1. Can you tell me how many residues in the stretch 365-389 are surrounded by fewer than 17 Cβ atoms within 10 Å (Cβ to Cβ) and either touching a strand residue (DSSP E or B) at 6+ places or on another chain (Cβ under 8 Å) or not in a loop (DSSP other than H, G, I, E, B) (or both)?
2. So, Leu298, is that one of a type in the set (A, V, I, L, M), within 27 Å of the chain's Cα centre (by Cα), within 29 Å of Leu177 (Cβ to Cβ) and in a strand (DSSP E or B) or not?
3. Of everything in the stretch 241-281, what is closer than 21 Å to Pro213 by Cβ and either touching a His at 6+ places or on another chain (Cβ under 7 Å) or among the acidic types (Asp, Glu) (or both)? Give them in sequence order.
4. Select from the stretch 170-194 the residues that are assigned to a loop (DSSP other than H, G, I, E, B), within 15 Å of Thr204 (Cα to Cα) and out of contact with any Phe, Trp or Tyr (no Cβ under 8 Å at 6 or more places or on another chain) and list them in ascending order.
5. Would a scan of the stretch 217-230 turn up a residue that is within 19 Å of the chain's Cα centre (by Cα) and aliphatic (A, V, I, L, M)?
6. Scan the stretch 301-333 for residues that are of a type in the set (A, V, I, L, M, F, W, C), in contact with a strand residue (DSSP E or B) (Cβ under 6 Å, 6 or more places away or on another chain), under 21 Å from Gly76 (Cβ atoms) and not in a strand (DSSP E or B) and report the count.
7. Suppose we keep only residues that are farther than 29 Å from Glu408 by Cα and at pLDDT 95 or above within the stretch 278-303. Which one would you say is surrounded by the fewest Cβ atoms within 10 Å (Cβ to Cβ)?
8. Can you run down the residue pairs with Cβ atoms below 8 Å, 6 or more apart or on separate chains, where the first is in the stretch 266-288 and touching a residue at least 40 places away in the same chain (Cβ under 8 Å) and the partner is assigned to a loop (DSSP other than H, G, I, E, B) and among the aliphatic types (A, V, I, L, M)?
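The values are calculated or read from the model by the stated rules, or taken from the named source; none is laboratory data. All of these numbers come straight from a predicted model, not from anything done at the bench. Note: ideal-geometry Cβ built from the backbone for every residue, glycine included; neighbour counts use all protein chains shown.
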Amino acid sequence: MPETSDPPSSDHKRRRTEANNNHKKQAASHHSGKELHRQHSKRKLVQQSSQFGRVMEVVPCRNKPRHATLSLAIPGSALANCVTPELQTLWAGQIARAATIYHVDEIIVFDDKLTVTPTPWNRNHHRNRSSSAPKDYNKKNTEKEPIHEENSNQDDATERHKHDTHPKRTTDPHLFLARLLQYCECPQYLRKHFFPMHPDLQFTGLLPPMDAPHHVRALDRSKYREGVVLEKMGPNGNSLVHCGIPGKSVEINTRLTPGIRCTVQIDSYTTSPVKGTVVSPSAPRLDNGTYWGYTTRLASSLMAVFEEAPHPYDFKIGTSERGTHNIEAKSYHVPAFTHALLVLGGVAGLEECVNADESIALTGNQCSQLFDHWVNICPYQGSRTIRTEEAVWIALAKYSPLLAKASEGKVVKTAPVVTTPAEFSDEPSEESSEDDDDDEGAKDNNIDASDESSD
């Protein structure tokens, strides 16, 4: 039979259907392209906006040696304004943060002879006390005949002996502040080696992270690292050092006493164990100006701040609201120096501290003679008083650019200054190379310390 062709109406209908389908495909493709463009634009905006909230991968440094140092002296009595251990811990953390941000190389905690040692604060000290109780309430209780007196005395003696084996919370504000400052400065992966459980460290979980250059992260290829010497020896017979590198120890170029802290310059990260050289803690600062933390020193008096110094201070700054130098004056300048010292007073000020120190043959009105500059750091203060922790931030913020310029005269320029662009990371700010272990240690520390403090 001959083939039959489709009627014209059917062919027209088929072509129209194909045209409609093609039009729909083109429309869908156009819509898909617009959607992809919209998503790409949105991603670009998110990336541009998120870069402002990212964390610096590398802390900026001067890229040239820094020979000048800055020391900060504060009285431990200023801690007495904080009535709870939590507030005292946070107070110490703020001092440590300020010192880290403004490149303080040494913190001296001195006794201004104005401290009234407080009794340990008890959260429940105000409970179970009634002002309406009869005056002879305690007397009546003491007149009652004790039951099983011998057994109870033995139990009390045993309980006291048991409690005496635990470390007690420090009541001396100078020791407490010094311990907290040292704890903040220490890299997190080393804290469990140098800071055993202690009631003073019960609330260290409240401390802000220092995020200093020597608080190196686990995978960072830093030129320098802080470490603790291990008892185990390396293949070459030299000491091994734990520097926070996951799964690897660092074999140094010599033998050191196990348990001490040292600064190591990493020679190669690719070998196992990693090779390194022991250097001075000031090596990063003298190399390219990298800030490498601060040391903490206790001084028995204001005079001991000067007499027991590891090096003489050639530029000494005393602060007071009665200071004769105005730091905001255009004529004010800082002379060239090698070791600067900034001294802040406590609640009563440096004048009262000088009056209370018998080793100083000066009166409070003459205490400006101890310093090269007697400065009012906030001439037009809006409050009648400036607290010590506030004065630390104000003084360091105002003196930081002045000291940086003055110290340039002491720097030997070996290479031109090159400012590298800052690199940022999407990861949250972390200090520890062993976060999980340290978090567990902090948790155990808090639990143990709380048990001890309750005792």
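1. Taking the stretch 365-389 and keeping what is surrounded by fewer than 17 Cβ atoms within 10 Å (Cβ to Cβ), we get 365-366, 369, 379-385, 387.
In the following step, the residues that additionally are either touching a strand residue (DSSP E or B) at 6+ places or on another chain (Cβ under 8 Å) or not in a loop (DSSP other than H, G, I, E, B) (or both) were identified as 365-366, 369, 379.
Count: 4.
2. Spelling it out, Leu298 is indeed of a type in the set (A, V, I, L, M), within 27 Å of the chain's Cα centre (by Cα), within 29 Å of Leu177 (Cβ to Cβ) and in a strand (DSSP E or B).
3. Start the filter on the stretch 241-281 by keeping residues that are closer than 21 Å to Pro213 by Cβ, which leaves 241-246, 248, 250, 252, 261-269, 274, 276-281.
Matches in the stretch 241-281: Asp267 only.
4. The answer is Pro187, and nothing else.
5. Yes, because at least one residue in the stretch 217-230 is within 19 Å of the chain's Cα centre (by Cα) and aliphatic (A, V, I, L, M).
6. 2
7. Leu298
8. Pairs that qualify, where the first residue is touching a residue at least 40 places away in the same chain (Cβ under 8 Å) and the partner is assigned to a loop (DSSP other than H, G, I, E, B) and among the aliphatic types (A, V, I, L, M), are Tyr269/Ile245; Gly276/Ile252.
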